[in-house]
1. Pull out the extension gain between ILE71 and ASN38, defined as 0.36 nm times the separation in residues minus the alpha carbon to alpha carbon distance; nm, one decimal.
2. Arrange the peptides 14-23, 46-55 so that the one whose residues have, on average, the most other Cβ atoms within 10 Å appears first.
3. Not counting ligands, DNA or RNA, and with a 1.4 Å probe, what is HIS37's accessible surface area in Å² rounded to the nearest 10?
4. Might you work out the accessible area of SER61 for me, using a 1.4 Å probe with all protein chains in place, and round it to the nearest 10 Å²?
5. Got a sec? Charge dipole of region 3-70, +1 on Cβ for Lys and Arg, -1 for Asp and Glu; which of PRO31, ALA54, ALA65 is way out at the positive end?
Amino acid sequence: GSLPKWVVNKSSQLLAPKAMKKMYKASLKYPEWKLRHNPHFKPWLYPEQNRLPALALSELSLQHADSLENIDESSLAETKDDRGEASDEDSVN
């Protein structure tokens, strides 16, 4: 609820489909790539392979939503560009 509507609309109509298409294309090439780059290194499956330093729990802090900045944009009018209307060139096929 803290993002302006136009940001959500624009990203869901333009950025998200493009990002998904790129991720899909990259995922098709991943098995071949992984065979050439440390095929047995899988820290998501084998935590003992993790090379990152451990983080002490005492260094972590909770951030509650109440402390975040709330900006009321309900009185702002949307322009045509804000509504995420794109030309045919911008659409993803």
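1. Additional length available on full extension: 7.2 nm.
2. 14-23, 46-55
3. Accessible area of HIS37: about 70 Å².
4. 110
5. The Cα lying farthest towards the positive end belongs to PRO31.
The values are calculated or read from the model by the stated rules, or taken from the named source; none is laboratory data. Being a predicted model, the structure only gives us computed values, none of them experimental. So basically every Cβ, Gly included, is an ideal-geometry build from the backbone, and we count neighbours across all protein chains shown. These accessible areas exclude ligands, DNA and RNA; they are computed on the full protein's heavy atoms, side chains included. Shrake-Rupley method; radii C 1.70, N 1.55, O 1.52, S 1.80 Å.
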